Amino acid sequence: MKKLIALAMVLCLGVSAAGAADRVTTKKDGKQIKISWIGKTLNNPWWIACADAATVEAKNLGVDMKVALPQEEVDLEKQVTMVESAIEQGVDAIIISAASSDGIIPAIRKARDAGIKIINFDTRISDPKMYDAYVGADDVYGAYKAGMYMGKKLGGKGKVGLITGLLAQSTGVDRRKGFLDAMQNFPDIKVVENTAEWRSDLAANVTTNMLTANPDIKGIFACNDQMAVGMVSAVKTDGLNPKDMVLIGCDGILDAVDMMLKGDLSADVALPFQEEGQIGVRMAVALVLNDNYVFDREMIQHGPLVTVDTEEGTEMTVYEYVTKYFPLRGVTDKGY
């Protein structure tokens with residue numbers, strides 16, 4: 001069984017059994033290419049899954065890649081230290097998602113001055129001149145789809161909650177904007193919003209406070225799935241049935257899948273963790289090997305709106321999503 005699970009994990013993340021056994025070592029100027037992959041937090045399963053996909057891709061491409069993740073998503077200081085460490089190690093490329101879209105710039109400037117290629121992914125560095133390529137999802141459009149789905153499910157009327165993430169990060173700003181842009185199409189819907197900084201515990205408190213002050217709220221959009229977990233928990237604790245509300249998350253982590261299958265979450269905007277992880281590494285290798293490569297266009301990955309059954313707005317059912325990203329759900333902790 002263990003061998004079968006290991007093989008399935010390899011196949012799921014896009015590496016053939018033959019490729020795993022016969023990998024090359026990819027070199028530049030006679031030395032193996034070295035990459036530093038820097039994410040945002042160990043406390044969110046989406047980041048772990050993205051790092052896993054990137055790690056498999058790096059092994060498949062024959063490069064030496066080290067993964068670094070701060071414990072907390074807000075730890076800009078720790079992320080700066082990780083960038084400085086990568087510079088000292090003499091890496092060829094840094095793949096990074098910004099803990100602070102502005103705050104990370106001085107450290108990235110040092111890396112660029114050292115001749116290191118910079119690949120930005122998921123959460124933007126605010127100055128495009130600070131990176132060589134970008135890969136991520138369209139967070140504005142993803143949240144817009146969530147808002148349109150909610151508005152239509154509620155018949156264009158009522159009161160809804162919006163739980164935002166960190167607004168010092170582009171993902172927080174963009175998801176908030178996308179949802180509020182969608183609400184412009186429903187003038188009879190009132191939005192109540194507050195931030196939970198991407199945290200499940202804070203989202204539970206925010207949800208309780210929202211429902212206490214606004215008992216007529218009919219739906220809530222949590223701008224990431226960690227907050228959606230807290231949102232659903234609080235709805236239940238307050239004696240409400242999630243099935244009687246329109247509750248939507250964003251990220252597509254395994255917890256969101258489980259909540260949808262239980263009927264606790266109406267829909268989820270799934271971020272393509274596998275694609276972001278893989279393509280970031282591919283971009284890094286391509287840029288290091290080819291000094292004349294220029295990525296003028298951003299590589300934007302599609303984040304589908306996922307629901308249990310096919311209905312208006314659905315781009316992928318939860319069963320299709322599980323088949324693609326979590327085929328070992330119920331067999332391994334991570335589902336792949």
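Relative to the longest principal axis of the Cα atoms of the chain, the long axis of helix 139-153 makes an angle of roughly 20 degrees. Spherically averaged projected area of the convex hull of Cα atoms, the range 116-155: 3.1 nm². With contacts taken as Cα pairs under 8 Å and at least 6 residues apart, the range 45-192 reaches a relative contact order of 18 percent. Multiply the residue separation of Glu298 and Ala213 by 0.36 nm, subtract the distance between their alpha-carbon atoms, and state the gained length in nm to one decimal. Result for the pair: 26.4 nm of gain on full extension.
Between Thr310 and Asp181, residue separation times 0.36 nm minus the direct Cα-Cα distance comes to 44.0 nm. For Asn194 and Asp291, what does the FRET efficiency come to when R0 = 45 Å and r is the distance between their Cβ atoms, rounded to the nearest 0.05? Once rounded, the FRET efficiency stands at 0.40. Per residue, the solvent-accessible area of the chain (1.4 Å probe, heavy atoms of protein chains only, all protein chains present) comes to 43 Å². Taking 0.36 nm per residue of sequence separation and removing the Cα-Cα distance, the Lys324/Asp102 pair yields an extension gain of 76.5 nm. Around the amide H of Ile95, modelled in the peptide plane, lie the amide H atoms of Ser36, Trp37, Ile38, Ile119, all under 5 Å away and 5 or more residues distant in sequence or on another chain.
Taken one residue at a time, the phi angles of the range 268-281 give Karplus couplings (6.51, -1.76, 1.60, θ = phi - 60°) of 8, 8, 8, 7, x, 4, 5, 5, 4, x, 5, 5, x, 5 Hz. Gly and Pro are set to x.
Restricting to Cα pairs below 8 Å that are 6+ residues apart, what does the relative contact order work out to for the chain? Please round to a whole percent. Each step should come with its number before you reach the end.
Details: 702 pairs, mean separation 55.9, N = 336.
Averaging sequence separation for qualifying contacts and normalising by length gives 17 percent for the chain.
Placing a pseudo-label 7 Å from each Cα along the Cα-to-Cβ vector at Lys157 and Asp113 gives an inter-label distance of 6.2 nm.
Here each label is just a point 7 Å from Cα along the line to Cβ, and for Lys334 and Lys243 those points are 3.4 nm apart.
Rounded to the nearest 10 degrees, the angle from helix 45-61 to the longest Cα principal axis of the chain is 30 degrees. Evaluating 6.51 cos²θ - 1.76 cosθ + 1.60 at θ = phi - 60° for every residue in the range 71-76, the Karplus couplings come out as 5, 10, 5, 8, 7, 4 Hz, glycine and proline recorded as x.
Once divided by 2.2 N^0.38 Å, the Cα radius of gyration of the chain becomes 1.02.
A simple spin-label model places pseudo-atoms 7 Å from Cα toward Cβ; at Asp29 and Gln71 they are separated by 3.8 nm.
The values are calculated or read from the model by the stated rules, or taken from the named source; none is laboratory data. A quick note: this is a predicted structure, and the numbers were derived from the prediction, not measured. Quick reminder, even Gly has a Cβ in these numbers, built from the backbone with ideal geometry, and neighbours come from all protein chains shown. Just so you know, the surface numbers come from the protein's heavy atoms only, side chains and all, with ligands and any DNA or RNA stripped out. Shrake-Rupley method; radii C 1.70, N 1.55, O 1.52, S 1.80 Å.
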